[in-house]
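Visitor: Just passing along the structure, written as structure tokens.
The values are calculated or read from the model by the stated rules, or taken from the named source; none is laboratory data. Since we're looking at a predicted model, the values are computed, not measured. Methodologically, a virtual Cβ is constructed for each residue, glycine included, from the backbone with ideal geometry; neighbour enumeration extends over all protein chains shown.
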């Protein structure tokens, strides 16, 4: 039996997208090139890896088993490559970090110096909702995740990065408007999607103050919520870290309320059972060594308390 690592990589993309066309786009290859690699891999087995029903490609149960083994093979191949590089005095490898949407305002500042110092390390940042971020960590698809609320189902190691403060925010069009806690029930309140840590914090605040929201809107990203608030549609309790530009420009304003800000902490987390690569271990060491410097340089702002 003979197969190449390239064939396994191509096959895993086909499994991921359930489509040769989409796999080709993701790999920046032509569709015939992907089909050829799939055929060459299939020729190694008497049992089909995929099947086509109608015009839809499906991965067989056997194909899914081969995909599971292929992921392990590629991970071990990466270990071989990084081991060779270590003996040559180089730090290389791949690090994938899954980030909840608000975390994209934070993580790049902690990675910038590391990437300059270790250009041989390939960094991938996947921005998604909290559910997918935790799922990716649980299934070992990500090396690290950035969250503000810890999942309970995974044994974790955590690195504290910085505070996450949430305030009631509205458009500067309401410059002269004053808002009290009891007013919240009559305002249009804009929520993140269910499962979002920001939504959870907002709902907990409303429940604690016995506020029943009568007019609501639900949006699936922090940016979408921010644009709706900016347009004057309504108000939302949002992380301050994603509002710095708008507050500086004066398009948004904070409405002080008793019990706000809600304060949590941004944490970089990883599964404590995971065998970390040299690149991942170096990243942890770098962040622990430089995080105070990053906080002073990039986040030392005169913000409301």
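Visitor: Need pairs with beta-carbon distance below 7 Å; first residue under 14 Å from residue 212 (Cβ atoms) and within region 170-190, second assigned to a helix (DSSP H, G or I); sequence gap 6+ or separate chains.
Guide: 184/206
Visitor: Shifting gears a bit: Looking only at strands (runs of 3 or more DSSP E) that fall completely inside region 86-193, which ones have 3 or more residues that are under 12 Å from the mean Cα position of the chain (by Cα) and over 19 Å from residue 257 (Cβ atoms)?
Guide: Result: 93-100, 121-128, 144-147.
Here's the yes/no breakdown for (1) touching a strand residue (DSSP E or B) at 6+ places or on another chain (Cβ under 9 Å); (2) assigned by TED's automatic domain parsing to the domain that holds residue 274; (3) within 21 Å of residue 71 (Cβ to Cβ); (4) surrounded by fewer than 18 Cβ atoms within 10 Å (Cβ to Cβ):
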| site | (1), (2), (3), (4) |
| --- | --- |
| 115 | yes, yes, no, yes |
| 132 | yes, yes, yes, yes |
| 138 | yes, yes, yes, yes |
| 141 | yes, yes, yes, yes |
| 152 | no, yes, no, yes |
| 155 | yes, yes, no, yes |
| 168 | yes, no, no, no |
| 175 | yes, no, no, yes |
| 178 | no, no, no, yes |
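Visitor: Now a separate question. If you take the residues in region 194-211 that are modelled with pLDDT under 90 and part of a loop (DSSP other than H, G, I, E, B), which one is nearest to residue 147 (Cα to Cα)?
Guide: 196
Visitor: Counting only residues that are within 23 Å of the chain's Cα centre (by Cα) and without any contact (Cβ under 8 Å) to a residue 40 or more places away in the chain, which one in region 247-288 is farthest from residue 235 (Cα to Cα)?
Guide: My answer is 275.
Visitor: What single numbered condition from (1) in a strand (DSSP E or B); (2) touching a residue at least 40 places away in the same chain (Cβ under 8 Å); (3) loosely packed, with under 13 Cβ neighbours inside 10 Å fails to hold for residue 57?
Guide: That leaves (3) as the condition not met.
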